[in-house]
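Please read the structure below before turning to the comments.
The values are calculated or read from the model by the stated rules, or taken from the named source; none is laboratory data. Here the structure is a predicted model, which is why all the values come from computation and not from measurement. Every residue, glycine as well, gets a Cβ built from its backbone with ideal geometry; the counts of neighbours run over all protein chains shown. Accessible surface areas use protein heavy atoms only, side chains included; no ligands, DNA or RNA. Shrake-Rupley method; radii C 1.70, N 1.55, O 1.52, S 1.80 Å.
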Amino acid sequence: MIDIHSHILPGVDDGAQTMDDAIAMAKAAVDEGITTIIATPHHRNGKYDNPAPNVITAVQRLNEQLQQNQIPLTVLAGQEVRIHGDVLKHWEQGDILPLTGESPYILIEFPSDHVPRYANQLLFEMQLKGLTPVIAHPERNAEIIEKPDRLYELVQKGVLTQVTAASVVGRFGKNIQKFSMQLIEANWVHFIASDAHNLTSRSFQLRTAYDTIDCEFGIDAVYFFQENAEQLVNGQTVYRDEPVRIKKKKFLGLF
Ligand code: FE
């Protein structure tokens, strides 16, 4: 499995604090069946800044440690970029790192309570530059939960989304779990990823999330997400199904 969103890089944000933490997370990732993981430290979120060159150096260091410890996990570079007005300027300056360092996909985080008004325009301008924004965990955004159409209009315009594994398995509560399922069913979701920060409160849950998706939607849905992560890592175009309006269906299997 491939995990496209994680905070495994040590000492750079609120994820792994030490190299030992990072190695323990790497072992847990391998135990879940993860072979490739993208390190996506927070960038420009008001607390943490991790410009591209720093991330690349830290990823090299972590990969060396993993090799020395014979842990079969490949770490790729990335960032979780908090949306801000200068994203494109900073991308041109080389501060912003796309997922894997080379793909056109950029992981974008909204503030947790709203979607900035300028988001539509900025995400559109990114696409004009050949970039594809991937919205991190929209299922946890208060404005999107309240008004899902806010996300629908973005997905319709080619923006991709990543739902967090822990949301799918219910670690953020029943409402976020149910909303995650609705987003998946309506074809608004293109990736499932761990957003793992540690091995206690914010662990991987990727295997369990795929099991849950298998139960609820069937194995084809699991393959869809797994293949998309693969496509992304290979720098290829990800699969999209036409987004439809959210149905008010009850998920009897789970809720
Ligand atoms: Fe994250």
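Here is how the numbers come out for the structure above:
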read-out	value
Verdict on Ile246 being within 16 Å of the ligand (Cβ to nearest atom) and surrounded by 13 or more Cβ atoms within 10 Å (Cβ to Cβ)	no
Positions within the range 116-163 being free of Cβ contacts under 8 Å to residues at least 60 places away in the same chain, on the phi < 0 side of the Ramachandran plot and part of a loop (DSSP other than H, G, I, E, B), in sequence order	Pro116, Arg117, Tyr118, Lys129, Leu131, Asn141, Lys147, Lys157, Val159
Residue within the range 52-72 that is open to solvent by 70 Å² or more (accessible area, probe 1.4 Å), touching a residue at least 40 places away in the same chain (Cβ under 8 Å) and closer than 20 Å to Met1 by Cα present	yes
Selected residue [more than 15 Å from the ligand (Cβ to nearest atom) and on the phi < 0 side of the Ramachandran plot] from Ile96, Ile37, Ile108, Ile83	Ile96
Index of the failed condition, Glu32 passing every other in (1) more than 15 Å from Leu97 (Cα to Cα); (2) out of contact with any helix residue (DSSP H, G or I) (no Cβ under 7 Å at 6 or more places or on another chain); (3) buried (at least 16 other Cβ atoms within 10 Å of the Cβ)	(2)
Evaluation of Lys27 against (1) open to solvent by 30 Å² or more (accessible area, probe 1.4 Å); (2) in a helix (DSSP H, G or I); (3) over 20 Å from Ile4 (Cβ atoms) (one fails), failing number	(3)
Any hit, the range 32-47, residues being acidic (Asp, Glu), out of contact with any Pro (no Cβ under 8 Å at 6 or more places or on another chain) and under 26 Å from Thr208 (Cα atoms)	yes
Top-ranked residue of the range 164-189 - restricted to ones that are part of a helix (DSSP H, G or I) and hydroxyl-bearing (Ser, Thr, Tyr), ranked as surrounded by the most Cβ atoms within 10 Å (Cβ to Cβ)	Ser180
Subset of the range 114-154 [within 16 Å of the ligand (Cβ to nearest atom) and open to solvent by 10 Å² or more (accessible area, probe 1.4 Å)]	His137, Arg140
Of the criteria (1) within 16 Å of the ligand (Cβ to nearest atom); (2) at pLDDT 95 or above; (3) at negative phi, which one Leu73 fails	(1)
Residues of the range 30-51 that turn out to be in contact with a strand residue (DSSP E or B) (Cβ under 8 Å, 6 or more places away or on another chain), in a loop (DSSP other than H, G, I, E, B), without any contact (Cβ under 8 Å) to a residue 60 or more places away in the chain and over 18 Å from Ser203 (Cβ atoms), as a count	6
Where a residue in the range 182-204 is within 20 Å of Thr40 (Cβ to Cβ) and its partner, wherever it lies, is of a type in the set (Phe, Trp, Tyr) and within 13 Å of the ligand (Cβ to nearest atom), with Cβ under 8 Å and at least six apart	Ser194/Phe204; Ala196/Phe204
Complete set of residues in the range 12-24 that are small (Gly, Ala, Ser), away from the ligand (no atom under 11 Å from the Cβ) and either touching an Asp or Glu at 6+ places or on another chain (Cβ under 9 Å) or not in a loop (DSSP other than H, G, I, E, B) (or both)	Ala22, Ala24
